[in-house]
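Undergrad: Please find one structure pasted underneath; my questions will follow.
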Amino acid sequence: MTRTRGFEIAKGYEDRDIHMPVRKTMHSAGYDVEAAEDTVIPVFKLGSKPTLIHTGLKAYCEPDEWFMLANRSSNPGKKHLVLANGIGIVDADYYNNPDNDGEFMFAFFNISDEDVLIKKGDVIGQVVFEKFLICDGDSASGNRTGGFGSTSK
């Protein structure tokens, strides 16, 4: 079988009962992703950093593809959780990076008035795979050398 795109368990999570993301219907664009561990997301305070929710997963895709980390549509209304970066953009070369093996995480702010508990196995977001285009005259030649937040390093 040719590998085009998919999910794997990231190093360090092999024995932690991590479930592979799934699409719930045949016309769903997104793969539902679960939290890898219990995490408390504190109430947002000005200047606070987002809480990273571990997935224990990494994803691979073609060199001209990326994948989007998107919030669940119900999270803002039901749990008052918003993605700190609006959406997450994860490049193909994030896979197997030396910092964290390519584990992708969701970065949340809690805009309610009380802490929110995410339990292991709770669906926290979605992954959508996409193609990208390159502009005429593009000359990108760098190689990724790290993990989370390492594109410009």
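Nothing in this text is a laboratory measurement; each read-out follows from the coordinates by a stated rule. Computed from a prediction, not measured in an experiment: that's the story for all the values here. Cβ sites come from the backbone with ideal geometry, for glycine too, and all protein chains shown count toward neighbours.
Undergrad: Taking the radius of gyration and the Kirkwood hydrodynamic radius from Cα positions alone, what is the Rg/Rh ratio for the chain, to two decimal places?
TA: Details: Rg = 16.0 Å, Rh = 16.4 Å.
Radius of gyration over Kirkwood radius for the chain works out to 0.97.
Undergrad: Using packing as a proxy for protection, rank 78-91, 98-111 so that the peptide with the highest average count of other Cβ atoms within 10 Å comes first. Intermediate values should be presented prior to the final figure.
TA: On the way: 78-91: 16.5, 98-111: 19.8.
By packing density, highest mean first, the sequence is 98-111, 78-91.
Undergrad: Output the Kirkwood hydrodynamic radius of segment 64-153, Cα pairs only, in Å rounded to one decimal. Please list the in-between numbers first.
TA: Details: mean 1/r = 0.0665 Å⁻¹.
It works out to 15.0 Å.
Undergrad: If you restrict to DSSP beta bridges whose two residues both lie in segment 1-128, what percentage is antiparallel, to the nearest 5? The partial results should precede the final answer.
TA: Details: 27 of 28 bridges.
Rounded to the nearest five, the antiparallel share is 95 percent.
Undergrad: Mind checking which aspartates and glutamates have their Cα closer than 14 Å to the Cα of LYS58? Skip sequence neighbours fewer than 8 apart in that chain.
TA: GLU8, GLU14, ASP32, GLU34, ASP91, ASP93, ASP99, ASP101, GLU103
Undergrad: What is the spread of the Cα atoms of segment 11-98 along each of their three principal axes, largest first, in whole Å?
TA: Over segment 11-98, Cα extents along the principal axes are 38, 34, 28 Å.
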